[in-house]
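Right, one structure below, let's go through it.
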Amino acid sequence: MTVLEMMERSGLKNTTLAIAFIKDAIHLMQSQVDVHTATWKTNITDGTREYPFPANMIKLKTVSVKDTTDSKYKRIRRITHTPVVVEDTDPE
Amino acid sequence: MSYDTHKTWFFQTVGRNIHLWQYVETSQTDTLAGIRISLPDEYYGKQLIYPDESITAGLRFEGTAFVEPFVNVDPNELNGNDEPTLTNQTSPDEADHVNLSRMLSLACVDYLKSMVADSSGDLQKKEYYMREFWKKVGDDQSNKRRIFVNYPITPFAIK
């Protein structure tokens, strides 16, 4: 369905506003259901614990770390409690 | 050399970042002349440590993404017998297609109607269209699932 058709069906006159609302609707859908999924890979650096989420990711499904002994990505678990850090080389 | 990463690595979400932790049952190690050695001053026992090795493309995220929201052709129409070739439109205009299924496009129309009602201050109408929006999103999801329901037949049942 084209943007124009959506505008005609909804009675919206402003194209810029319609495109902004469509983007909002897509974000809202993607927050609840899997419409478009993607994977992103990033390097793990020795001694660094903090890694940013991909900029265009909306909802996180899984996090995996590469097992270099058999070259497979294995899904890792989430810890719910913040661990007690006794030696912090990367304070924030 | 990472191994059993599904058992020895953990993560925690903190704002727009994740914190990676590695679970070890020994002390933190270092590599000396290609051999991993336990450092004498380190605590020995079960602990969570920062990643103790560099892995190229070692961290993988999977999630829903904001990718190619607007494309040049209708994503729901076949090109002859082939899948349509979609090109992302970075500066979308009225002629571009929204890269969604027909049902989700109809849900988007409801969202637009809801926003129109919202801007005119008609909250009842806004709520109605938002309900329609989520109903269509739910319909689209249920189209992908086939659920079989089996009922046991009572023995000696008379019909």
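The values are calculated or read from the model by the stated rules, or taken from the named source; none is laboratory data. In this text, all values refer to a predicted model and were calculated from it rather than measured experimentally. Please note: Cβ atoms are built from the backbone with ideal geometry, for glycine as well, and neighbour counts cover all protein chains shown. Heads up: the accessible areas ignore ligands, DNA and RNA and are worked out on the full protein's heavy atoms, side chains in. Shrake-Rupley method; radii C 1.70, N 1.55, O 1.52, S 1.80 Å.
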Once you average over the residues of B:45-57, how many Cβ atoms of partner chains fall within 10 Å of each Cβ?
5
Per-peptide average of other Cβ atoms within 10 Å, ordering A:28-39, B:110-121 highest first
B:110-121, A:28-39
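Taking only protein heavy atoms into account and a 1.4 Å probe, give the accessible area per residue of region B:36-142 in Å².
Working: 5850 Å² over 107 residues.
Dividing the accessible area of region B:36-142 by its residue count gives 55 Å².
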Checking the table B:Lys7/B:Lys144; A:Lys66/B:Lys7; A:Lys41/A:Lys66; A:Lys41/B:Lys144; A:Lys61/B:Lys113; A:Lys23/A:Lys74 against a 21 Å threshold on Cα-Cα, which pairs fail?
B:Lys7/B:Lys144; A:Lys41/B:Lys144; A:Lys61/B:Lys113; A:Lys23/A:Lys74
Kindly report the accessible area of chain A per residue (heavy atoms of protein chains, probe 1.4 Å, no ligands, DNA or RNA), in Å².
59 Å²
Overall Cα dimensions of chain B - principal axes, largest extent first, Å:
69, 68, 46
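From largest to smallest, what semi-axes in whole angstrom does chain A give when each is the square root of 5 times an eigenvalue of its alpha carbon gyration tensor?
Working: eigenvalues 329, 57, 29 Å².
Equivalent ellipsoid semi-axes, largest first: 41, 17, 12 Å.
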Helix A:15-32 sits at what angle to the longest principal axis of chain A, using alpha carbons and giving 0 to 90 degrees rounded to 10?
40 degrees
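How large is the helix-only mean residue ellipticity at 222 nm for chain A, computed as the sum of -39500 (n - 2.57) over DSSP H runs with n ≥ 4, divided by its residue count, in deg cm²/dmol to the nearest 500? Each step should come with its number before you reach the end.
On the way: 2 runs with 26 residues, N = 92.
Computed mean residue ellipticity for chain A: -9000 deg cm²/dmol.
Could you quote the convex hull projected area for the protein assembly as shown, Cα atoms only and averaged over all directions, in nm²? Present the calculation step by step, with values, prior to reporting the outcome.
On the way: hull surface 98.8 nm².
For the protein assembly as shown, averaging the hull's shadow over all directions gives 24.7 nm².
Over region B:1-135, what percent of the accessible surface lies on carbon and sulfur atoms, probe 1.4 Å?
Numbers: 3720 of 7510 Å².
Roughly 49 percent, rounded to a whole number.
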Using +1 on the beta carbon of Lys and Arg, -1 on that of Asp and Glu, and nothing else charged, what's the dipole of the protein assembly as shown about the Cα centre, debye to 20?
1160 debye
Chains A and B together, accessible area buried on both sides, 1.4 angstrom probe, square angstrom:
7400 Å²
Surface share of carbon and sulfur [accessible, 1.4 angstrom probe, percent] for chain A
48 percent
